[in-house]
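Encoded as structure tokens, the structure appears first; notes follow it.
Every number in this text was worked out from the coordinates using simple rules, so none of it is lab data. Since the model is a prediction, treat every value here as computed from it, not as a measurement. All Cβ positions, even for glycine, are placed from backbone atoms using ideal geometry, and neighbour counts span all protein chains on display.
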Amino acid sequence: SLTRHYKFDIKLKNVTRLCHTRSLITVNGKFPGPKIVAREGDRVIVKVVNHVSSNVTIHWHGIRQLQSGWFDGPAYITQCPIQTGQSFVYNFTIVGQRGTLFWHAHISWLRVTLYGPLVILPKIGVPYPFAKPYKEVPITFGEWFNADPETVIAQALQSGGGPNVSDAYTINGFPGPLYNCSANDTFKLKVKAGKTYLLRLINAALNDELFFSIANHSLTVVEVDAIYVKPFTTKTLLITPGQTTNVLLHTLSSTPSPSSLFLIAARPYATGLGTFDNTTTSALLQYQPNNLSTPQPPTNRTSTLLFKPVLPSLNDTAFASNFTSRLRSLASPQFPAVVPRSVDKKFFFTVGLGTNPCPKNQTCQGPNGTKFAASVNNVSFSLPASTSLLQAHFFGKSKGVYTTDFPANPLFPFNYTGTPPNNTFVSNGTKVVVLPFNASVELVLQDTSIQGIESHPLHLHGFNFFVVGTGFGNYNPSKDPAKFNLADPVERNTIGVPAGGWVAIRFFADNPGVWFMHCHLEVHTSWGLRMAWVVQDGLLPSQKLLPPPSDLPKC
Ligand code: C2O
């Protein structure tokens with residue numbers, strides 16, 4: 001295995017989309033950011049130097065960070081931010097993972113522009129469990145705001161109103177031809193006939209789950225969140241923020257007329273019809289002659305044939321849940337599904353939105369002038385300001401930083417299927433759950449539907465988990481566990497908790513440290529839909545969190 005060195009200079013760069021030029025915070029002047037490539041077993045070292053006025057941290061989304069939690073990246077959870085003029089070296093080894101992940105800023109809303117692919121190839125000589133693709137292409141979804149990112153962030157955090165709707169979704173940074181003033185800002189995927197391409201799909205968007213499809217082509221899903229799945233073929237797929245999906249694209253067997261263009265498109269899935277932007281981002285799939293020595297006939301622009309895919313409608317929950325249910329672990333001898341069979345620690349967490357009183361001197365846009373809040377078991381999580389949870393834990397200085405009384409069950413249970421009750425007040429706190437090393441954990445996530453008009457993509461840092469069950473309505477602890485799939489449940493790091501429904505996950509707490517769990521819709525995270533787990537050290541040296549690096553930033 002190798003050591004891969006990267007340098008991330010955080011600096012401003014003018015970028016124009018939809019005829020609006022903005023000075024964006026970027027890595028190395030690139031938007032989206034650079035791709036990181038490594039192999040399973042490699043060490044990755046990234047020196048991040050902050051040249052902008054905002055504080056920054058980078059998170060390696062989905063990387064397990066075994067014993068190396070100091071390099072996980074969420075601000076005030078595992079580290080203090082990298083301040084202006086300062087630097088921090090992230091240094092981690094990729095253990096037992098291969099596939100597509102991504103990296104993104106993990107402070108405030110900076111991941112709106114700071115994100116990029118993280119590709120982990122198998123070890124040399126180890127093949128994919130599918131035929132070797134001809135080429136591999138990352139397809140990263142994001143969002144573009146015409147307003148200054150600072151303004152967008154300030155609005156979301158201060159006004160406490162509905163989500164700030166972006167002006168466009170993007171594919172590899174480009175909104176594509178269906179938006180005004182965007183025809184030239186289009187990603188083009190040039191392919192040859194009769195070949196297989198591996199598309200590495202990444203949803204780095206801030207606030208929207210997305211449907212994705214390519215006109216006249218089928219896609220074979222082979223991996224999610226850097227775990228192989230049983231292959232299945234579909235025209236359309238669903239991907240939530242924080243999720244990654246590898247698909248095989250088999251191109252048409254013979255080259256179509258050179259004037260044919262096939263639209264690659266994505267647009268949101270949301271269960272409610274609130275203030276959602278239901279526009280479509282797109283890219284173009286274009287065939288090239290297989291033999292490049294054959295001159296391509298000139299394209300007659302007026303006769304271009306543009307094929308468009310049919311995407312499910314905004315609120316097509318039936319499609320979403322059917323798609324999700326098709327995802328299964330490979331569960332093969334080479335890639336077994338090591339699902340916890342018995343459970344040491346059981347938790348039932350409600351996740352959802354609610355409201356808090358409006359702070360003094362502010363005008364809030366929630367119902368009756370309240371401020372929107374979001375919570376887990378009615379606790380709206382506050383980040384510490386002068387240290388990180390991991391430092392407080394490691395140095396035994398948790399007093400005044402966090403408390404260990406995060407409730408294992410909701411403080412305020414009710415029927416989650418009817419009209420939500422009026423009492424939507426949540427309390428603020430920095431509460432954690434402490435887990436002994438290697439405990440097997442079962443966590444049921446129940447959506448409360450309070451003000452709830454969309455699913456919550458819950459992301460767990462430091463672990464993959466198995467999705468052993470899901471359903472709509474109230475979770476029934478005496479009936480539902482009998483239906484759990486312990487044979488080949490999908491293994492992943494981000495799962496959509498359906499609006500008005502539940503998801504049951506299981507994992508082994510085999511990674512010592514402090515691990516954030518939150519909704520990957522940035523607006524919900526900001527409102528408090530987040531909490532943290534503290535996993536204690538085990539007895540063996542290989543089961544202990546290593547000491548912090550000497551350049552760990554100070555608050
Ligand atoms: Cu991709 Cu805590 O995030």
For Lys30, go through the aspartates and glutamates and keep the ones whose alpha-carbon is under 18 Å away, minus same-chain ones fewer than eight residues off.
Asp9, Glu143, Asp148, Asp185
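Using 0.36 nm per residue of separation minus the Cα-Cα distance, give me the extension gain between Asn415 and Ser257 in nm, one decimal.
On the way: separation 158, 0.36 × 158 = 56.88 nm, distance 5.76 nm.
Working it through step by step, the gained length comes to 51.1 nm.
Taking square-rooted eigenvalues a ≥ b ≥ c of the alpha carbon gyration tensor, is region 130-329 rounded, prolate or oblate, where a/c under 1.5 means rounded and, failing that, a/b exceeding b/c means prolate? Mind showing how you got there, number by number?
Details: a/c = 2.12, a/b = 1.38, b/c = 1.54.
Because a/c hits 1.5 or more and a/b fails to exceed b/c, region 130-329 counts as oblate.
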Reduced to Cα centres, the span from region 5-58 to region 479-538 in Å works out to 28 Å
Sorted from largest down, what three extents in whole angstroms do the Cα atoms of region 345-543 have along their principal axes?
55, 45, 24
List, in the order given, every pair from Lys345/Lys397; Lys195/Lys483; Lys135/Lys230; Lys346/Lys554; Lys345/Lys479 whose Cα-Cα distance in the structure shown is over 29 Å.
Lys195/Lys483; Lys346/Lys554
Mean-position separation - Cα centroids, region 352-369 and region 202-254, in angstrom
38 Å
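Express as a percent, rounded to the nearest 5, the fraction of DSSP beta bridges in the chain (both residues included) that run antiparallel. Don't skip to the end; give the middle numbers.
Working: 102 of 145 bridges.
About 70 percent, rounded to the nearest 5.
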To the nearest 10 degrees, how steeply does helix 149-158 sit against the main Cα axis of the chain, on a 0 to 90 scale?
30 degrees
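Could you sort the peptides 135-143, 81-89 by per-residue average Cβ neighbour count (10 Å cutoff), highest mean leading? Kindly include the intermediate steps, with their values, before the conclusion.
Working: 135-143: 20.7, 81-89: 17.8.
In descending order of packing, they fall as 135-143, 81-89.
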Where does the charge balance sit around Lys345 when Lys and Arg score +1, Asp and Glu -1, over other residues with C-beta under 11 Å from its C-beta?
0
Inverse mean reciprocal Cα-Cα distance (Kirkwood Rh) of the chain, Å
24.0 Å
Residue-count net charge about Tyr115 - beta-carbon cut-off 15 Å; Lys, Arg +1, Asp, Glu -1:
+2
